[in-house]
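The values are calculated or read from the model by the stated rules, or taken from the named source; none is laboratory data. Everything quoted here is computed from the prediction, not taken from an experiment. Note: ideal-geometry Cβ built from the backbone for every residue, glycine included; neighbour counts use all protein chains shown.
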Amino acid sequence: MISITPDTTSRHALIGYGNLLAASSTAPEALTPNTYQRYEPAAGAVVTKFQLAVPLACNYVGIAAHNIGSHDDGTEITIAYATTIGGALTTIDTFTPDDNGAIFRSFDSTVIAEIAITTNAVTTGLEIGVIQSGVSMRMEQPIYGGHSPIDLSAETDYQTSESETGQFLGRTISSEGLETQYQWKHLAPDWVRDTFKPFMIHAKTLPFFIQWRPDLYQAAAYGYTTGNIKPSNMGGGHQLMQAGFKMRAHSEL
């Protein structure tokens, strides 16, 4: 296999939305945007392929709603692509996740025909809920100080039991996810209208991947906005704009 170096140099967030993968003979469940349907690869080295309807330029692969990091105490995975159906594979990355968080791997924009995911589980029970590939949007400006990274921003609903005198009797988690706020400033108005607006339309109804600092962390999230995105003028005698959104992300327990 040929090996390439993922893009890890940008301080600007990458947002992956719009899945160009159209078919898979073995894992159609992973091509839907929901996180409850799961594809379960068999034990051993398994290569699962996902085809585009026609070869198109792509520059990222995202995987979410999986248990790759916890299954068998971590399962090795290889992400690769081919420029023709059944053609030679180019490796994007081979790694063993240490958790079940969303996976986002970027690479130089290349016209591809299929994505191949190789898993090497020891036992059965491995699950993958979402896989997508396409062209990511690189934000025009980085996120500055004060941001709470989403992988450190748990949003948990508890049910706590206590006695009449306030004694702690136990706690159960009724639901758990991740939630944070993304905010960008000094955005060019033409960039907002030409590049950011298509994402705004997508985010009204569908989830997406985001990686907030590719140069420092591989941490990514897969989730959805909790309200409309409404860019606004910053004022001050210029036409620059600001935009942001609150995101609720999937968390695989």
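If we keep just the residues of the stretch 51-99 that are over 24 Å from Ser251 (Cβ atoms) and under 18 Å from the mean Cα position of the chain (by Cα), which is surrounded by the fewest Cβ atoms within 10 Å (Cβ to Cβ)? Talk me through it step by step, then tell me what you get.
First pass over the stretch 51-99, keeping only residues over 24 Å from Ser251 (Cβ atoms): 51-59, 78, 80-92, 94.
From the residues that got through so far, the ones that are under 18 Å from the mean Cα position of the chain (by Cα) too are 58-59, 78, 80-81, 92, 94.
Working: Cys58: 24, Asn59: 19, Thr78: 18, Ala80: 24, Tyr81: 24, Ile92: 21, Thr94: 14.
Within the stretch 51-99, the match that is surrounded by the fewest Cβ atoms within 10 Å (Cβ to Cβ) is Thr94.
Within the stretch 167-186, can one find any residue that is small (Gly, Ala, Ser) and not in a strand (DSSP E or B)?
Looking only at the stretch 167-186, we keep the residues that are small (Gly, Ala, Ser), and these are 170, 174-175, 177.
With not in a strand (DSSP E or B) added as a condition, the list becomes none.
Among the residues of the stretch 167-186, not one is small (Gly, Ala, Ser) and not in a strand (DSSP E or B), which makes the answer no.
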What residue, among those in the stretch 222-241 that are more than 22 Å from the chain's Cα centre (by Cα) and of a type in the set (S, T, N, Q), is farthest from Gln181 (Cα to Cα)? Gln239
Number of the condition not met by Thr226 [criteria: (1) β-branched (Val, Ile, Thr); (2) modelled with pLDDT of 95 or more; (3) in contact with an Asp or Glu (Cβ under 8 Å, 6 or more places away or on another chain)]: (2)
Working only within the stretch 132-151, note down all residues that are within 30 Å of Glu114 (Cα to Cα), out of contact with any helix residue (DSSP H, G or I) (no Cβ under 7 Å at 6 or more places or on another chain) and modelled with pLDDT of 85 or more. Gln132, Ser133, Gly134, Val135, Ser136, Arg138, Met139
Can you find a residue that is in contact (Cβ under 8 Å) with a residue 12 or more places away in the chain, over 19 Å from the mean Cα position of the chain (by Cα) and crowded, with 16+ Cβ neighbours inside 10 Å anywhere in the stretch 107-114? yes
Restrict the check to the stretch 168-178 and report whether at least one residue is modelled with pLDDT of 80 or more and either basic (Lys, Arg) or surrounded by 15 or more Cβ atoms within 10 Å (Cβ to Cβ) (or both). yes
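Looking at the stretch 196-253 only, could you name the residues that are part of a loop (DSSP other than H, G, I, E, B), over 30 Å from Asp73 (Cβ atoms) and in contact (Cβ under 8 Å) with a residue 40 or more places away in the chain? Talk me through it step by step, then tell me what you get.
In the first step, residues of the stretch 196-253 are kept if they are part of a loop (DSSP other than H, G, I, E, B); the result is 204-207, 212-220, 226-231, 234-240, 250-253.
So of that shortlist, the ones also over 30 Å from Asp73 (Cβ atoms) come out as 204-206, 226-231, 234-240.
Listed by number, the residues that qualify are Leu206, Thr226, Pro231, Met234, Gln239, Leu240.
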Restricting attention to the stretch 7-33, the residues that are in a loop (DSSP other than H, G, I, E, B) and touching a residue at least 40 places away in the same chain (Cβ under 8 Å) number exactly 14
So the check is Cβ under 8 Å with 6+ separation or different chains; which pairs have a first residue in the stretch 142-171 that's farther than 27 Å from Trp184 by Cβ and a second one that's of a type in the set (Gly, Ala, Ser) and at pLDDT below 75? Thr156/Ser175; Thr156/Gly177; Asp157/Ser174; Asp157/Ser175; Tyr158/Ser174; Gln159/Ser174
